[in-house]
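The values are calculated or read from the model by the stated rules, or taken from the named source; none is laboratory data. Quick caveat, the model's predicted, so the values are computed rather than measured. Cβ sites come from the backbone with ideal geometry, for glycine too, and all protein chains shown count toward neighbours.
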Amino acid sequence: MSLVTSLNALLGIRAPIVVGPMTAVTDAKLVIAAAEAGIVAGIPPHNYRTLDGFKGALRDIRQGTRGPFAVNLIVNKANVLLRGQLDAALEAETPIYITSLGDPREVIRRAHDAGAKVVCDVSTVAHGLKVRDAGADALNAVVAGAGGHAGHISPFALVPALVDRVGLPVICAGGVADGRGLAAAIALGACGVQMGTRFIASRECSVPDGYKRAIVDATADDLVLTERLSGVMGSYLRTPDLDRLGTALPLPIQLLMRGKRTRGPTQKVMMVLASRRMSAVRREERALWSAGQSADLVHEIATVREIVEHTLAEYERACAAGAGVGRGATSPA
Ligand SMILES: Cc1cc2nc3c(=O)[nH]c(=O)nc-3n(C[C@H](O)[C@H](O)[C@H](O)COP(=O)(O)O)c2cc1C
């Protein structure tokens, strides 16, 4: 089964689904599984302790699949490793970049020089206009309820607003875990979806089983929004480890984050601490697990290919059901 939108040709994929890059989650195995299933996944270099580790992952991906892959770059000032990460990605002839949290201009310029495409995360129309002017090829609409660093605007408002006012292909990033969500995103004008949480509960995902099971068992009520882990608001599963850490930033850090001069350096330190905590998560020492509200829709652990096929089949059913509702609504009472 396939579904074709403008995203297929843009990213070289069979179905317009992106496995969102995920801190402490995504590795080469998941990226290869996505490419082999006809979609694409993004890999964050910050999941590797060293640049050489990241380069090794890119080599593994190249050896494991001929399909596309994306590299996720955090483009704010807190990412002091950005230049090296970009150089490594360019060296590996990365075909797609996904930028988050800042000014993507340098990445766009150098990626375009290399013939690659750039998708930029945005959570407002103003940010969408900025990255469009910088040359982005498509937008990830980071919406309220998403896993990772969630947005604050409902997909029902943000996706069509970006479509109308920015005029670039828009991918709905957040809240989608099945074909009904995909159909809804397409109806809003999106050209595809970026899904994270659903793919954590995939067989090829290398996280501890407890994390996968926690997603399968979770309802949206089990999620907590907090900036405690990275200094940026993110969505996490409530676990005893999260409760122990607490959800409020310590007062001195709150004050430093408010100051114009101190915000940047504090953010850098927070990012370093976050990356240490995430290493502990990978070593299975701490259950600090990010997920989005779509966890409520995840009921089983499946392979990436099964998730894609199921999503596409359900998309067809949702469209057919929607067409039926449409006919019903226009028939005389
Ligand atoms: C555990 C986790 C880690 C994430 N880390 C990143 C990241 O490092 N970079 C990024 O651009 N997005 C990150 N995200 C966001 C995802 O790429 C994706 O946009 C999001 O998960 C979509 O929402 P969903 O979880 O409701 O499907 C993360 C999401 C999760 C769940």
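At a glance:
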item	result
Index of the failed condition, Val224 passing every other in (1) hydrophobic (A, V, I, L, M, F, W, C); (2) surrounded by fewer than 20 Cβ atoms within 10 Å (Cβ to Cβ); (3) assigned to a helix (DSSP H, G or I)	(3)
Pair list, Cβ < 8 Å and 6+ apart or interchain, from the range 244-256 residues that are in the same structural domain as Thr266 (by TED's automatic domain parsing) to residues that are at pLDDT 80 or above and in a loop (DSSP other than H, G, I, E, B)	Leu245/Arg228; Leu245/Leu229; Leu245/Leu288; Gly246/Arg228; Thr247/Arg228; Ala248/Arg228; Leu249/Glu227; Leu249/Arg228
Of all residues in the range 131-143 being of a type outside the set (D, E, K, R) and part of a loop (DSSP other than H, G, I, E, B), the one that is nearest to the ligand (Cβ to nearest atom)	Val143
Count of the range 17-37 residues which are part of a helix (DSSP H, G or I) and not charged (D, E, K, R)	7
Hey, Phe199 within 12 Å of the ligand (Cβ to nearest atom), part of a helix (DSSP H, G or I) and at negative phi or not	yes
Single condition Arg165 does not satisfy, out of (1) part of a strand (DSSP E or B); (2) more than 16 Å from the ligand (Cβ to nearest atom)	(1)
Filter result for Ala41 (of a type in the set (Gly, Ala, Ser), within 15 Å of the ligand (Cβ to nearest atom), within 26 Å of Tyr236 (Cβ to Cβ) and without any contact (Cβ under 8 Å) to a residue 60 or more places away in the chain)	no
Check on Ala146, outside the structural domain of Ala274 (by TED's automatic domain parsing), among the hydrophobic types (A, V, I, L, M, F, W, C), under 25 Å from Ser230 (Cβ atoms) and away from the ligand (no atom under 14 Å from the Cβ)	no
Which listed residue is at pLDDT 95 or above and of a type in the set (A, V, I, L, M, F, W, C), from Val75, Val125, Val80	Val125
Pairs where the first residue, in the range 195-216, is in the same structural domain as Met22 (by TED's automatic domain parsing) and the second is part of a strand (DSSP E or B) and near the ligand (Cβ under 9 Å from one of its atoms), C-beta under 6 Å, 6+ apart	Phe199/Val19
Selection within the range 98-117 - under 14 Å from the mean Cα position of the chain (by Cα) and either away from the ligand (no atom under 11 Å from the Cβ) or more than 17 Å from Val18 (Cβ to Cβ) (or both)	Leu101
Conditions (1) buried (at least 21 other Cβ atoms within 10 Å of the Cβ); (2) in the same structural domain as His112 (by TED's automatic domain parsing); (3) within 15 Å of the ligand (Cβ to nearest atom); number of the one not met by Gly128	(3)
